[in-house]
Amino acid sequence: MTSAATTDAMGIPQIDPTLGNFTLDTAFKAWQLEPCLRLSDLSIQAAHDEAAKAEHEDGMGVLPSTAADASELPGNLNERVDVNHDFDVPSWPCEMVPVCNTEQEMLDAIQAGKPFFPPEDYANQFSDITDGLSYLQTQAPSFIKPQIAFRGGWGRPASALADHSMLKLVNSVSDVLAETTALNLQMFHRHASTKLPPLPEQLRWPLPEIFGGATQEAEVLSFSPEQTEGGAAKPQEALSGAGTCSLTGAGVILDNATRVSQRGACTWWHLDDVAEHVYQTALPLEAAPHLLGPNGGKVTKLFIYAPVDAYPLITQDDRQEGEDDGLVAAVNPFKCPAHHLPKGPDTYQLPRLMVAALEAGGRPLMSAPNLPHLVLTIQDCVMVEQRRLSLLFMDEVAYFAERIRRWREPPVLYAVFSLGLKDPGFVAQTIVKRLLGLLQSADASAALARDRAYCSLKAMTRYARHWLIPRPILGVLRQKLIDYEQQAQGVTSSAHSRGLERAQLGMRQSAVGVTPLGEQGYSACVHVGARPRWGLVRASMHQAKQDGILLKAAVEAGNLEAVLQQQADGEAQTTALAEEPDSLDDLFD
């Protein structure tokens with residue numbers, strides 16, 4: 001374990017450039033994150049106080065920021081985090097996102113399903129801008145239409161997603177920076193509503209054979225319900241922006257956005273919209289830093305990623321009370337005593353988090369699909385981003401499609417997902433034709449592309465319900481895969497793709513109130529005001545279900561905190577329960 005930070009001559013902490021394995025609690029202290037997160041807490045409290053005092057002419061009341069239900073008995077609350085609202089950061093294992101210096105290193109990161117920083121050649125793509133905040137204020141002194149900003153961020157654990165007091169209308173970048181509560185404003189370059197320069201369109205992407213070429217070279221695609229065999233799109237599947245997208249090589253350009261964020265703003269755990277890659281860079285800044293990155297640049301945002309298979313631990317979509325109170329059920333990694341996490345034998349390990357420090361004017365960050373992640377703003381800043389869906393990642397699309405089938409409310413989807421995948425012409429001519437060409441390529445340098453094509457076609461045939469593939473073509477695809485497997489002799493999917501498949505199997509074997517922990521077993525989960533608490537790690541789902549009954553009884557009795565502490569201390573009953581086969585039925589099929 002290495003030190004997480006050093007300090008410069010001015011006492012500003014700097015992330016150790018040689019940092020290897022570390023823990024979240026170590027980084028929390030060494031990087032001095034508490035003042036930043038305090039700002040986030042204070043912003044939310046101030047917004048609720050302001051809303052409580054205001055007279056709402058529309059008659060809308062203030063929704064609670066936390067649940068107020070029968071579970072919040074004194075004996076169920078942790079004095080430090082629930083009562084005093086202090087921080088309690090567990091020793092969550094972490095590693096820094098890889099910094100790639102060669103094309104092969106980028107390909108290795110992609111193959112592993114990891115986010116990464118591309119080589120130095122891609123750094124400081126907007127070197128003519130000396131200060132991003134001043135630049136935007138000069139270029140767009142005011143917006144054409146008011147924009148909606150989030151106070152303190154979005155998706156905070158145990159908060160109400162429909163809490164309108166957490167929103168604020170702003171008319172300019174200056175409005176954002178003048179606000180006393182930490183604001184996060186995301187502006188999409190879809191319509192002439194902001195007058196902001198479309199900087200995301202100028203981003204240079206690495207690996208054009210995977211992500212496509214320049215934005216200016218893209219061909220505009222258009223989808224409409226009339227073009228799909230399935231008829232009109234479901235009305236609840238709202239499109240994010242217009243029903244168009246652009247294609248450049250294997251990359252479908254989905255969106256361009258500029259974010260203006262204040263220190264303390266946090267976008268909590270979420271998945272990106274349709275299993276796309278997000279390429280983002282922070283503009284240069286003149287202000288003094290709060291934290292220096294491994295390369296000595298000013299850290300604008302910290303990205304914290306969890307592995308794909310940790311999704312059920314990070315956010316609990318199955319919390320039944322969520323249908324009534326609309327609260328976000330997710331773990332707060334900064335306010336989570338260790339005894340609230342799954343407790344097991346010495347061999348149990350929390351999933352390893354990946355951390356990226358986005359430096360102003362530094363290398364861009366490539367975010368990988370389907371990783372639950374949160375983003376904490378360390379310094380007032382501007383970040384520009386472009387989103388692209390690579391046609392070589394249909395296995396990621398299949399996972400995302402399966403995941404959102406379990407959500408209570410459908411997400412906002414891009415047209416290529418909600419319409420394009422149901423357009424048989426687009427699927428056959430644009431997706432399948434390209435993937436088959438790569439699968440059959442004899443080019444020795446195209447090994448990754450062939451693997452991606454194989455994994456994508458396997459996913460498309462296995463989860464064919466998500467693509468409108470004519471039956472004759474589907475039959476041809478399956479035969480082509482059989483032929484390829486026979487010729488390749490022992491070909492297997494990448495480790496990451498196999499992990500996606502295991503995660504999908506875990507979805508089909510899920511049970512309410514039980515969190516699957518991959519190969520490590522299962523753990524019962526209960527909630528106190530939408531805040532998760534876990535029991536012991538068990539070998540079978542049946543054992544975890546029985547533990548769940550005991551934890552629920554402790555919640556009702558008002559002594560959950562004592563029970564969890566006893567389990568953590570090894571004092572609780574751990575006798576193995578009678579085994580019962582876990583059902584493999586997929587209730588969604």
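The values are calculated or read from the model by the stated rules, or taken from the named source; none is laboratory data. Note that the coordinates shown come from a computational prediction; the quantities given were computed from them, not determined experimentally. Ideal geometry is used to build each Cβ from the backbone, glycine not excepted, and the neighbour counts take in all protein chains shown. Surface areas here come from the heavy atoms of the whole protein model, side chains and all, with no ligands, DNA or RNA. Shrake-Rupley method; radii C 1.70, N 1.55, O 1.52, S 1.80 Å.
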### Query
Remind me, relative contact order of the range 399-495 in percent, using alpha carbon pairs under 8 angstrom and six or more residues apart?
27 percent
### Message
Contact order normalised by length for the chain, with contacts defined as Cα pairs under 8 Å and 6 or more residues apart; what percent is it?
### Response
19 percent
### Charge dipole (the chain, unit charges on Cβ, about Cα centre) - positive-most of Pro284, Ser174, Val299
Pro284
### Computed label-point distance, nm, for sites Ala46 and Ile148 using a 7 Å Cα→Cβ extension
2.2 nm
### Message
Less than 17 Å from a label point 7 Å out along the Cα-to-Cβ axis of Ala553: which backbone N atoms in the range 517-541 qualify, by residue?
### Response
524-526, 535-536
#### Entry: Under 5 Å, built H, 5+ apart or other chain: amide partners of Ser390
Val252, His277
### Query
Out of Val514, Pro369, Met541, whose Cα points farthest toward the positive end of the dipole of the chain (charges: +1 Lys, Arg; -1 Asp, Glu; placed on Cβ)?
Pro369
### the chain shape via C-alpha gyration tensor axes, a/c threshold 1.5
rounded
### Task
Compare the Cα positions of Gln147, Ala112, His85 along the charge dipole of the range 78-178 (+1 at Cβ of Lys, Arg; -1 at Cβ of Asp, Glu; about the Cα centre) and return the one farthest towards the positive end.
Gln147
### Query
Taking the Cα centre of the range 434-476 as the origin, how large is its charge dipole in debye, to the nearest 20, when only Lys and Arg (+1) and Asp and Glu (-1) carry charge on their Cβ atoms?
220 debye
### Task
Work out, step by step, the length gained on full extension between Lys433 and Gln479: first 0.36 nm times the residue separation, then minus their alpha carbon distance; give nm to one decimal.
15.1 nm
### Task
Quick one: check the C-alpha center-to-center distance for the range 265-282 versus the range 26-41, whole angstrom.
21 Å
### Query
How would Phe150, Phe303 rank on accessible area, largest to smallest, probe 1.4 Å?
Phe150, Phe303
### Task
Would you work out the charge dipole size for the chain about its Cα centre, treating the Cβ of every Lys and Arg as +1 and the Cβ of every Asp and Glu as -1, and quote it to the nearest 20 debye?
1060 debye
### Ranked by how many other beta carbons lie within 10 Å on average, peptides 397-403, 336-342 from highest
397-403, 336-342
### Query
Which of the aspartates and glutamates could a cross-linker span from Lys458 if the Cα-Cα distance has to be under 16 Å and same-chain partners fewer than 8 positions apart are dropped?
Asp395, Glu396, Glu402, Asp483, Glu485, Glu501
#### Entry: Under the Karplus curve 6.51 cos²θ - 1.76 cosθ + 1.60, θ = phi - 60°, whole-Hz ³J(HN,Hα) for the range 129-144, x wherever Gly or Pro sits
9, 8, 8, x, 5, 5, 4, 5, 5, 6, 6, 9, x, 8, 8, 5
### Query
Size of the dipole of the range 324-448 about the Cα centre, Lys and Arg at +1 and Asp and Glu at -1 on the beta carbon, nothing else charged, in debye to 20?
200 debye
### Query
Put Glu105, Glu409 in order of accessible area, largest first, 1.4 Å probe: what do you get?
Glu409, Glu105
### Task
Count the DSSP beta bridges whose two residues both fall in the chain, then state the antiparallel fraction as a percent rounded to the nearest 5.
85 percent
### Message
Modelling each spin label as a point 7 Å along the Cα-to-Cβ direction, I'd like the Asp443/Arg462 distance in nm, to one decimal.
### Response
2.7 nm
### Message
Under the √(5λ) rule applied to the eigenvalues of the Cα gyration tensor, what semi-axes describe the equivalent ellipsoid of the range 257-414? Give them in Å, descending.
### Response
28, 21, 16
#### Entry: Part-to-part distance (alpha-carbon centres) for the range 343-361 and the range 400-436, which is given in Å
31 Å
### Task
Obtain the nm distance between the two label points defined at Gln546 and Leu169 by a simple spin-label model: each point lies 7 Å from its Cα along the Cα-to-C-beta direction.
5.9 nm
